[in-house]
Amino acid sequence: MRAEKILILDCGSQTTQLIGRRVRETGTFCEIIPCNKYPDDDSDAIGVIISGSPFSVHDKDAFQPPLERFLGRKPVLGICYGSQYLSQALGGSVARAEIREYGRALLSLKDAGSPLLRGIDEGSQVWMSHGDTIVSLPANFRCIASTADVLNAAFESEHSDGRAPIYGVQFHPEVFHSTQGMQLLRNFVVDICGSSCSWSPASFVESTIAQLKRELGDDKVILGLSGGVDSSVAAVLLNRAIGKNLNCIFVNHGLLRKDEYGQVLADYRSLGLNIRGVDASDRFFADLAGVTDPEQKRKILGRDFVEVFNEEATRVEGAKWLAQGTIYPDRIESLNISGKVIKSHHNVGGLPEKMQLKLCEPLKWLFKDEVRAVGMQLGMPVQLIKRHPFPGPGLAVRIIGEVTPENVRILQDADDIFIRSLREYMVKDSAGASVPLYDCVWQAGAVLLASVRSVGVMGDERSYEHPVALRAVCSTDAMTADWADLPHDFLAKVSNEIINKVRGVNRVCYDISSKPPATIEWE
Ligand code: XMP
């Protein structure tokens, strides 16, 4: 465990992870925990942030962080619901707002001298998203900023008895649209909580390699590679620590992108990894034959993947550990209000018990952008580091209908044109530098509507073929996503090339749905 961290108490807000990422950007380690699971030992916590929530403080099921455990001992910042909960619990009052405030608002500073507002400008833009409002503050608290519609937009405690200070903001400093939100969070984390800002990818690499060497010694470790960033970075980190004792397995289920299996295998070998490629495509195709239901496809893939991986893993004699590229967002036990499973994601499942492997997850504390920074620090190829996320079940969840070798061939060809074009098309980034369009989107891919056909005309012939949908999204964590506004000339060129070159496709559509309500993958 790190010597110094910020605890973020999650009350179920969509932006809790974003708060975490912002805190890390200050160079400070943080942990996100469900607000009802405050740790017994908080000695390494230098401050506490209470997140927003889909609940109103008046709802009977509203979350109630245990303030008595840390108030007065640790500096506290409540964000949105967090600030309203603090106010209400400490004797202030919160009411349903007459004007619900969503979107942009401008701050009017009431006390520019507050440590929380250091460097924040009068009229600074903030992002609001709440239906409740704090009508009156508790005794010994004062308002430090308002907006046109919200009186107590930010407040602080006025204790002068040495107790740790309490702050609250009804807006969301963590989101991009709060233009000086990062400054406000830095004020809290660094000035108020006293962070030493010593957390960085470089310090992480150094300390993690040393720790892995200590922990693993001469033990053999098995790791399943997927071609994605997370497992690749985990492999390179482990390779630095234990070299040939790391045994990597890369399973080809036949549902990777065009030519990806060979390319990725070569990339891994050039990184010096001890890796075995297993081509199990035939087995996967045989088991998927005739299946069109998305969940059934996922179940079959998950099962086959685990079986193939296990067969290979048991060949590694004397293995003691199973390493995984699990990252922090995979593990955060978010307060899932509905408790419903939307899609059953699969990654490498449990290995046979007789192998009795211990789990090694060297990236388990990192967010995605930090994993990329660590990869760069380790000198990995930029192409590999910037690769878009790709789902474990691969193209199977991008074929609407049956997964056959022919359908996979059609999709691979269309997807290859789309992805290659994204890499070739250059745009200016916000700093004016020329970058590939590929780097400006979170994730992109083609989807084959194999169960749909439409009429077209090619030359003088009537065609009756499948549509392909292109999907490209902007996101920071895949929890929410917006469709990417790709240039029209780019889309026109890609559509043309796909219809002209890919046999079996006579129509191309662009998916303009955001998540929610749609998901990134179609199945
Ligand atoms: P959705 O479609 O749920 O996807 O919006 C969110 C992110 O997760 C990826 N994804 C998967 N990743 N195994 C994975 O490892 C899976 O079964 C899986 N399904 C979706 C998806 O590509 C996106 O990045």
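The values are calculated or read from the model by the stated rules, or taken from the named source; none is laboratory data. All values derive from a computational prediction rather than experimental measurement. When we count neighbours, we look across all protein chains shown, and the Cβ atoms used for this are built from the backbone with ideal geometry, even at glycine. Quick note on the areas: whole protein, heavy atoms, side chains included, nothing else; ligands and nucleic acids left out. Shrake-Rupley method; radii C 1.70, N 1.55, O 1.52, S 1.80 Å.
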Against the condition open to solvent by 20 Å² or more (accessible area, probe 1.4 Å), within 20 Å of Leu18 (Cα to Cα), of a type in the set (Lys, Arg) and outside any loop (DSSP other than H, G, I, E, B), how does Arg104 come out, does it pass? yes
Here are some conditions: (1) open to solvent by 20 Å² or more (accessible area, probe 1.4 Å); (2) out of contact with any Leu (no Cβ under 6 Å at 6 or more places or on another chain); (3) part of a strand (DSSP E or B). Gly277 meets all but one. Which one does it not meet? (2)
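Do we find that Leu116 is among the hydrophobic types (A, V, I, L, M, F, W, C), touching a residue at least 60 places away in the same chain (Cβ under 8 Å), under 30 Å from Thr476 (Cα atoms) and in contact with a Leu (Cβ under 7 Å, 6 or more places away or on another chain) in this structure? Talk me through it step by step, then tell me what you get.
Values: among the hydrophobic types (A, V, I, L, M, F, W, C): yes; touching a residue at least 60 places away in the same chain (Cβ under 8 Å): yes; under 30 Å from Thr476 (Cα atoms): yes; in contact with a Leu (Cβ under 7 Å, 6 or more places away or on another chain): yes.
Yes; evaluated as a whole, the condition is true for this residue.
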If the requirement is being assigned to a strand (DSSP E or B) and within 16 Å of the ligand (Cβ to nearest atom), which of these qualifies: Val473, Val435? Val473
If Val457 satisfies all but one of (1) away from the ligand (no atom under 16 Å from the Cβ); (2) hydrophobic (A, V, I, L, M, F, W, C); (3) in a strand (DSSP E or B); (4) in contact (Cβ under 8 Å) with a residue 24 or more places away in the chain, what's the number of the condition it fails? (4)
Within the stretch 286-336, residues hydroxyl-bearing (Ser, Thr, Tyr) and either over 19 Å from Lys358 (Cβ atoms) or part of a helix (DSSP H, G or I) (or both) come out as Thr292, Tyr328, Ser334
Across the stretch 493-523, what is the total count of residues that are within 11 Å of the ligand (Cβ to nearest atom) and within 22 Å of Arg387 (Cβ to Cβ)? 6
Looking only at the stretch 361-374, count every residue that is out of contact with any Leu (no Cβ under 7 Å at 6 or more places or on another chain), under 21 Å from Phe250 (Cα atoms) and buried (at least 22 other Cβ atoms within 10 Å of the Cβ) and tell me the total. 1
Just name the residue that is nearest to the chain's Cα centre (by Cα) out of those in the stretch 476-492 that are exposed (fewer than 15 other Cβ atoms within 10 Å of the Cβ) and more than 16 Å from the ligand (Cβ to nearest atom). Asp485
Counted residues in the stretch 1-56 being out of contact with any Lys or Arg (no Cβ under 8 Å at 6 or more places or on another chain) and either in a helix (DSSP H, G or I) or polar (S, T, N, Q) (or both) come to 17
So which pairs qualify, if the first residue must be in the stretch 385-408 and near the ligand (Cβ under 9 Å from one of its atoms), the second must be in a loop (DSSP other than H, G, I, E, B) and of a type in the set (D, E, K, R), the Cβ gap must be under 6 Å, and the two must be at least 6 apart or on different chains? Pro391/Glu521; Val397/Glu521; Val397/Glu523
